Amino acid sequence: MSAKSGPENSANISDNVPVVRFLQGAKLLGQVRLQEGDTLVEHGELAGIKIPTNCTSGTCGTCMVTLLQGTVELPEILPPGLDDYLVERCARLSCIGIPSDDVDIDIRPPL
Ligand code: FES
């Protein structure tokens, strides 16, 4: 199986390709196909959405977003920018968070 596919590299997003969607409340800001191994910030850039960052290492919390649906794994030891309280409210750090399938992200923190 080839990892690269050619001709269907269009703006259309078909149902069988995982998609990362960025929302603000109910408003869809943009969406992009899942790029395996890329962070949420990188997906945002591809979708034309600038998520504010500062440290880009999981320390400051500037890039915090809310995971509405899907999976963005957390590191086994939470980085300084997250704590249990925030995780319970579905917070993720988009500078280090890597989506693994379809995800919906609210670009605002869950506070
Ligand atoms: S930019 Fe600092 S935690 Fe993501």
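The values are calculated or read from the model by the stated rules, or taken from the named source; none is laboratory data. Everything numeric here is computed off the predicted structure, so don't read it as measured data. Here the Cβ positions follow ideal geometry from the backbone for every residue, glycine too, while neighbour counts run over all protein chains shown.
Does Leu23 fit the bill of being touching a strand residue (DSSP E or B) at 6+ places or on another chain (Cβ under 6 Å) and away from the ligand (no atom under 16 Å from the Cβ)? It is true that Leu23 is touching a strand residue (DSSP E or B) at 6+ places or on another chain (Cβ under 6 Å) and away from the ligand (no atom under 16 Å from the Cβ). Under the condition of being touching a residue at least 24 places away in the same chain (Cβ under 8 Å) and away from the ligand (no atom under 15 Å from the Cβ), the residues counted in the stretch 50-78 number 5.
Do we find that Val19 is modelled with pLDDT of 95 or more, surrounded by 13 or more Cβ atoms within 10 Å (Cβ to Cβ) and in contact with a helix residue (DSSP H, G or I) (Cβ under 6 Å, 6 or more places away or on another chain) in this structure? Here the answer is no, as Val19 does not meet what is asked. Summed over the stretch 48-64, residues that are out of contact with any Cys (no Cβ under 7 Å at 6 or more places or on another chain), crowded, with 16+ Cβ neighbours inside 10 Å and over 18 Å from Leu78 (Cβ atoms) total 1. The residue that is nearest to Gly30 (Cα to Cα), among those in the stretch 75-101 that are out of contact with any Ser or Thr (no Cβ under 8 Å at 6 or more places or on another chain) and buried (at least 16 other Cβ atoms within 10 Å of the Cβ), is Leu93. Restricting attention to the stretch 79-99, the residues that are hydrophobic (A, V, I, L, M, F, W, C), away from the ligand (no atom under 13 Å from the Cβ) and out of contact with any strand residue (DSSP E or B) (no Cβ under 8 Å at 6 or more places or on another chain) add up to 1.
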